[in-house]
């Protein structure tokens, strides 16, 4: 039914998956096409009322998803078929305002940034929730004793607060990184077929400014069809976040071991064979997702080589890797929040 | 709707995706549970008629998928809930033959091997089709002249047959590797909670032999709950196959360049902006999938560290990575066959 | 003789390799130990003249490298043996100021940051040189015609300036990222055995402030023994830089093809078999290094899971991956500058 | 001084590093050139006594390493300069038997296979030693009780023999994989400039047969300049071996924890701060090397796309990744043998 089969409910993130669904993507693409039509009208590339009418009509176009998928399998991208469907349903006199001068990648990249905008907002809120969970945990158990362990060996006492402080340390930096990333990433894509904006007949820069304002994105001075550094930086950020959560998860699986017994976690998974077990499933998932993220970021870094003006191979590789990485990070954040609230006890047990 | 959104129709492989779907997985798991019941009856662990009756009843159990998904999200694996649903629908006197002594991973690993069995058979047939396509291509265009190129520079003439011979060379080895891999990979999993087969009360080895015979798998002398080398080897094989196709795809994108013009490919993708273009979409996809495969194999190699008797983190990582890698290889093979039949001309063009 | 054998002279970077050599590392470690001694004296943890005398003596200690290597092979880290050698050569009355309360990782992490400080300064200068090279290239050839190519197909004319503008676009962002990274990365490490600073008997924070001032590093409020996000961020930055250069290299290998002929590059490699060839070796190396960087960054992301207070496995993985990645980035920057100055011509050739 | 700095003595493998050193590589290349000269004489491509005399003279040529390195940095490969040095020292009448018709990659690939031949023999011997160590360990401690642990939780008793059996299971398959790999990997490379063997004037196949016999390699029917599947398969095998050792190392770090106390390991690393600790350094190194191997194999899979007849970028990427991966596997095998003999006790401790 969904991306990772059974794991989707477990490790995935339904809200993020939905935000990246084909249905939402189409809505985003229609938003982009509408913003273009409006901007083309406002700057005078087409008559203002033509642009405005097209912009009003486009969001209401009913898209035949199956036909789109079939065409996408031939063209390598759904946009040509989407434009055909728009033109089939919009009066011919509005066609000059529809997609004229755009290239497919203008539409898909901008639509992707609209989705990323929302997703990063949601992730930021979850990071705040992770921080709140850590703070509450420290309030509850920070005073309890804990043996520090280095190189997997008992070393010297540290106390629970110290362990939690280590889990808490990375998050302010993650938020700083995110704040710096946004203006590099959440950018309108507008270049036309070869990225020069020549297809907009001199109106390219004003259309870009207007569309960006309309869509809540940054207006870059030029197209970034084959400059994908910000996407690889995003991948790196997602994997960093997953790594911080993975470290916490790894620590908790170690703390929950019988014989160590320095964390008790509710909501553990049932075993089909051993009723007495309470598997630290969420903590294990954080470890698995961190390792998944580490691999995925290599895929995105490997997609940096977009040859010439636009690369089909590079672009495809991004789409093979990035959605899963995004959902995986969303899942990790969701699991991290839940895991923190599942912790019932921390600290060295009373031993006889 | 599906794994990679728009890319699924383009880069994916519906048949392989279906074979790995939750619906098919459940059917495989029920097949495993039935084989267990039958084997338990045949060897005398439970009365023969109890085992046989349970084996007959289990495949007809109607599974509530939503309930299963909800429970899987809690337990980390769908099997405990699946067993509960079986027991709810099978008479109580048959319960001694249902899952008694098995652990979840016995069921999911064996079910996975049933799917891999079928998928590898399909992939082998596609490899034969790739070989046939290459042979036909050489028959058609092998005599045509072609400038050899090394380090991206024109070097000396080689002829089209030589280029195609290089694309053809890896396939016999891939088939040999597959033949050697199968007996290491397509193995029954039977170990019980900690992999010792003690939970089968002395019947473990005979049950394993009988189940393996029933299911068409190898009966290994011991469980492989935390020995995952064959899965990583499978990942390596899939990525090798994708790499061989990626090399062919990369060559064809280079040959199709205007100015080089040594391959003409039909069925190119339409451009939303430039009607004159025929993008070599399938060749580009092969490059993207090869690079995707290279990253994914790292994920599977990274999942080799299954700690202790069974690892939740390692197992989860496998399921995050392997299904996409399998489908990607299936997609690459499908695209490779199609691309070969799309080639309309090869060889140096007549130049004035 | 060196890291990558023959490739070192070709793809590597002697200056960077030297900055990370064992000899330089030892000098850095001695600097750290001296700064500690001085700080301990200044704050009153040891008598001021003891601290100052130890700080004066430590840099002059003569280290037996072979003995250090042998001990490192046993202890997993050279610091314990280094401290023994220091104490053997420094008067006993100064020993209270030597390493007391430090842990090995305090010394090695801080020493690494001293090296990274210098290396990043050098890399920044090379980035400026890349930018200058691109600017000069655009001045020389920007007005020349160039066919734009998308999805490996000729599309519409763009002009050479447009292609160079794409190569130039990422660099201001890379410098911004570097500026943001430095204060997160170039931090003193001071925690003691389990990272709590308790071993400094209440003087930890003042010692940290004083050492950081002395060494030109940031004084973080707590140790970061198992918070390695900034190192993974560094790896991501290095790989981003390598990716931007790899895109330029890939474009140039495509432009240098006979039949395309839109770039002529001097200094090409000789062929042992074909005297007429001028292989675009440096451009190819940039592609190879970018792909190398993409893989290496996964290794560093995978090292984020430092369990508990300090992780031997995670720390070792960093040292297996990071030095090569750093040198590879240094090599790519060096090659990028050289390649730009090797370009003798750009633009569409005159065709009959 | 060496590849990974301090880590070389710890995690590396001096014997393997030496076998891949530039000095040994040159000796291998000279062996290849001599075998070529002899074969050219035997088949009649050059007069027999010319071939034989050249073959006798070539191994004694004194190579100026510095000049070679400088030339390699220009040409992208050391062979052209090597051939020049040979010709400078061998009488001119023998020059027709020197390198005539060969391409650089013929020499470097064949030389690499000579090194791999020896290295794989050494690794096989170490695998046998690992198996012997495991067997001895089981003899000593197999009867001791051990609690089985699944998903990081105590589950049911398994006994030490069961745990060791899991560590032992992968090795026979690794040896089988190696036996199957060798004939695919250890192949003479002979193709000439574009891989067609046309430069050998009809003698290519007989020269290949004769050289292969002389050098103890397989004579493939065609060159494999851009068919690199066997190298990626080698990388996969190395990483599999490292993964099996990593799983054992991870288990031992978990068993050595205070509170678990089911393994006592001698020879632990000293701590500069805590004299009571005995860090399980070798076990940690096995984990780090397994994770390193998982990343490196992605690099080699990513090098499968060797475009056209020979790829400088692909070939360079191999040499950036493979030597470290090989040495890392050698180090892991060495450490595995040592770790097994360091184990002083296994099994559940007597608890009050």
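Every read-out reported here was derived from the displayed coordinates using simple, explicitly stated rules and does not represent laboratory data. The model shown is predicted, which means the values in this text are computed figures rather than measured ones. Here the Cβ is made from the backbone with ideal geometry for all residues, glycine too, and neighbour counts use every protein chain on show.
Modelled spin-label separation between residue D:139 and residue D:344, with each label point placed 7 Å from Cα along the Cα-to-Cβ direction: 2.2 nm.
Taking the 0 to 90 degree range and rounding to the nearest ten, how far is the long axis of helix C:22-43 tilted relative to the main principal axis of chain C, both from C-alpha atoms? The answer is roughly 40 degrees.
Taking the Kirkwood radius as Rh and the Cα radius of gyration as Rg, segment D:70-200 has a ratio of Rg/Rh equal to 1.30.
In which sequence would C:334, B:351, B:282 go, from the one with the fewest C-beta neighbours within 10 Å to the one with the most?
On the way: C:334 22, B:351 6, B:282 27.
Taking fewest neighbouring Cβ atoms as first place, the list is B:351, C:334, B:282.
Report, as an integer, the average count of C-beta atoms from other chains found within 10 Å of each Cβ along C:233-239.
Values: counts 7, 0, 3, 10, 2, 0, 8.
If you average over the peptide's residues, the count of other-chain Cβ atoms is 4.
Considering only alpha-carbon pairs that sit under 8 angstrom and 6 or more positions apart, the relative contact order computed for segment D:163-230 is 34 percent. Hydrodynamic analysis of segment D:20-60 uses the Kirkwood radius over alpha carbon pairs. Inserted into Stokes-Einstein at 37 °C and 0.692 mPa s, it gives a translational diffusion coefficient of 324 µm²/s. Extent along the principal axes, Cα only, for the protein assembly as shown: 95, 76, 66 Å, with the longest axis given first. A Gaussian network model of chain B, with springs between Cα atoms under 10 Å, assigns the largest mean-square fluctuation among B:85, B:131, B:105 to B:85.
Arranged by the count of other C-beta atoms within 10 angstrom, fewest first, what order do D:87, A:247, C:45 take? Could you put the intermediate results ahead of the total?
On the way: D:87 15, A:247 27, C:45 23.
Taking fewest neighbouring Cβ atoms as first place, the list is D:87, C:45, A:247.
In whole percents, the pair-distance distribution calculated for segment C:5-346 from its alpha-carbon pairs, binned every 10 Å from zero, is 5, 23, 27, 19, 13, 9, 4, 0. Can you tell me the 0 to 90 degree angle between the C-alpha axis of helix D:79-89 and the longest principal axis of chain D, rounded to 10? Taking the Cα atoms of chain D, the angle to D:79-89 is about 50 degrees.
Using C-alpha pairs under 8 Å with a sequence gap of at least 6, the mean separation divided by the residue count of chain B gives a relative contact order of 19 percent. In the protein assembly as shown, helical runs assigned H by DSSP with n ≥ 4 each contribute -39500 (n - 2.57); averaged across all residues and rounded to the nearest 500, the mean residue ellipticity at 222 nm is -21000 deg cm²/dmol.
Across segment B:139-221 the C-alpha pair distances fall into 10 Å bins from zero in the proportions 15, 24, 15, 12, 12, 14, 7, 0 percent. Both numbers refer to the Cα atoms of segment D:32-143; Rg and Dmax are 21.1, 73 Å. A Gaussian network model of chain A, with springs between Cα atoms under 10 Å, assigns the largest mean-square fluctuation among A:293, A:259, A:328 to A:259. Counting neighbouring Cβ atoms within 10 Å and putting the fewest first, the residues D:244, B:168, D:341, A:226 line up as D:341, B:168, A:226, D:244.
So, R0 is 41 Å and r is the distance between the beta-carbons of residue C:14 and residue B:351; what FRET efficiency does that work out to, to 0.05?
On the way: r = 46 Å, r/R0 = 1.12.
Here the calculated transfer efficiency is 0.35.
Compute the convex hull volume of the Cα atoms of segment B:123-180, divide it by the residue count, and report the result per residue in Å³ as a whole number.
Working: hull volume 4.7 nm³, N = 58.
Per residue, the Cα convex hull of segment B:123-180 comes to 81 Å³.
Normalised Debye scattering of segment C:187-346 at q = 0.08 Å⁻¹ gives log10 I(q)/I(0) of -0.39, counting only Cα atoms as equal scatterers and leaving out solvent. Among B:287, B:79, B:158, the largest mean-square fluctuation in a Gaussian network model of chain B (Cα springs under 10 Å) belongs to B:158. So how tilted is helix B:65-75 from the main axis of chain B? Cα-based, degrees 0 to 90, rounded to 10. That works out to roughly 80 degrees. Each pair of Cα atoms in segment C:71-129 enters the Kirkwood radius, and Stokes-Einstein at 37 °C and 0.692 mPa s then converts it into a translational diffusion coefficient of 240 µm²/s.
For segment B:202-270, taking Cα atoms only, Rg and Dmax work out to 23.0, 72 Å respectively.
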